[in-house]
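The values are calculated or read from the model by the stated rules, or taken from the named source; none is laboratory data. Model, not experiment: these values are computed from the prediction. When we count neighbours, we look across all protein chains shown, and the Cβ atoms used for this are built from the backbone with ideal geometry, even at glycine.
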Amino acid sequence: MSDVILSARHLFKTYTQRSGRLGLGSTKIHALDDVSVDLKTGSTLAVVGESGSGKSTLARCLLQLQPLDQGEVLFQGVDLAKLTAAELRQQRRDMQMVFQDPFASLNPRMRIGEIVAEGLLIHGLGNADEREHKVIKMLKRVGLTEADMKKYPHQFSGGQRQRIGIARALVLEPKLVVCDEPVSALDVSIQAQILLLLKELQQEMNLSYLFISHDLRVVRHIADEVAVMHRGKLIEHDTVEALYAAPKQEYTKNLLNAIPGRKGLSVQTA
C-alpha cells in the first residue's frame, strides 16, 4: 500500500452570510463539517459534489490559502498550521494548483515564458539560463513550443492556456497538485486531451493529485478514489470502481444518474 502524502483530520470551516431585508440578520454556512481525507502518494483522489458542497473550500484550506476554524492538515507528515510564513512558503513549492479558468489565472500582461518561470524566480531556483531551459522543457512536455515563450495568453485557445497553467504548476516539480475543476471550462474533445496529459505527467513525475470536480463523467477517467461531498460533509468515499458500481448514498446515485448517456440506467444499490 502506498504512503499517504496528505492527511486531513476533522476539518471545520464556517462562513457567516448576511440575511434579512436589511442584511441585519446572519446565517452560518458550514462549508466544511468534520471532513477527514487521505491522499496516497502517486494517486488521484477526486472530490466531487454540486456547487456549494464545500469541495473548493476543502482544496483552499488544504493548501492553507484559507484558514480553518478547526482541524489538522499533515503534508508529508508536517502539520501545515504550525509552520511559520517562511516555512509554509517553502512547503508550497511541493504543493501547486491548476485552476478552473485558464484565462483568468494567467496574467494577460506577461509573456508565457515569464508566467511559467515565475515560480522558479519566487523560490530562487537556478540562474537565468537554467530557468529558461526548464521552462522550454516543460512547455514542450505539455504540447507547446519554445516559440510560445514570447507570446501572450490571449494568443492561445482555452485548451492551450490550460496547458500553460499545467506547465506553470509542474515546472517546480511538486509532489502534490490540486486541480480545481481544471477541464470544466473546456470543450468535451479538449477535456479528454487535458485529462490524458495529466495522467501521463502523473506517471512520469510520480505526482499526487487532488482533483476537484462536479462532473463524475470526468472523474471516472482520472481518479483512483472518489470522495463525495454534500453540504460541507463528506458523505461517501470509495474506489472509483466500487463507487460507480454500487454507490451507498442516494445523493451519489443521483449524481451518477445525471451523467449524460446514463439517463434511464438504474445505478445499483449496495
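Every condition in (1) modelled with pLDDT of 95 or more; (2) out of contact with any Lys or Arg (no Cβ under 8 Å at 6 or more places or on another chain); (3) closer than 27 Å to Leu216 by Cα holds for Arg131 except the one numbered (3). Condition test on Thr41, is it farther than 26 Å from Gln100 by Cβ, β-branched (Val, Ile, Thr) and surrounded by fewer than 16 Cβ atoms within 10 Å (Cβ to Cβ)? Considered against the rule, which asks whether it is farther than 26 Å from Gln100 by Cβ, β-branched (Val, Ile, Thr) and surrounded by fewer than 16 Cβ atoms within 10 Å (Cβ to Cβ), Thr41 comes out as no.
Regarding Val226, is this residue buried (at least 17 other Cβ atoms within 10 Å of the Cβ) and touching a residue at least 40 places away in the same chain (Cβ under 8 Å)? Answer is yes for this residue. Considering only the stretch 99-108, I want to know if a residue exists there that is assigned to a loop (DSSP other than H, G, I, E, B), crowded, with 17+ Cβ neighbours inside 10 Å, hydroxyl-bearing (Ser, Thr, Tyr) and at pLDDT below 95. Checking the stretch 99-108: at least one residue is assigned to a loop (DSSP other than H, G, I, E, B), crowded, with 17+ Cβ neighbours inside 10 Å, hydroxyl-bearing (Ser, Thr, Tyr) and at pLDDT below 95.
List pairs: first residue in the stretch 79-107 and more than 30 Å from Gln155 (Cα to Cα) and touching a residue at least 12 places away in the same chain (Cβ under 8 Å), second residue among the aromatic types (Phe, Trp, Tyr) and part of a strand (DSSP E or B) anywhere in the structure, Cβ distance under 9 angstrom, at least six positions apart or on different chains. Filtered contacts from the stretch 79-107: Gln91/Phe75.
Among residues of the stretch 153-178 that are farther than 14 Å from Asp101 by Cα, those with a Cβ under 6 angstrom from a residue that is acidic (Asp, Glu), sequence gap 6+ or separate chain, pair up as Pro174/Asp94; Lys175/Asp94.
For Thr239, the conditions (1) at pLDDT 95 or above; (2) out of contact with any helix residue (DSSP H, G or I) (no Cβ under 7 Å at 6 or more places or on another chain); (3) closer than 21 Å to Leu63 by Cβ; (4) not aliphatic (A, V, I, L, M) are fulfilled apart from (3).
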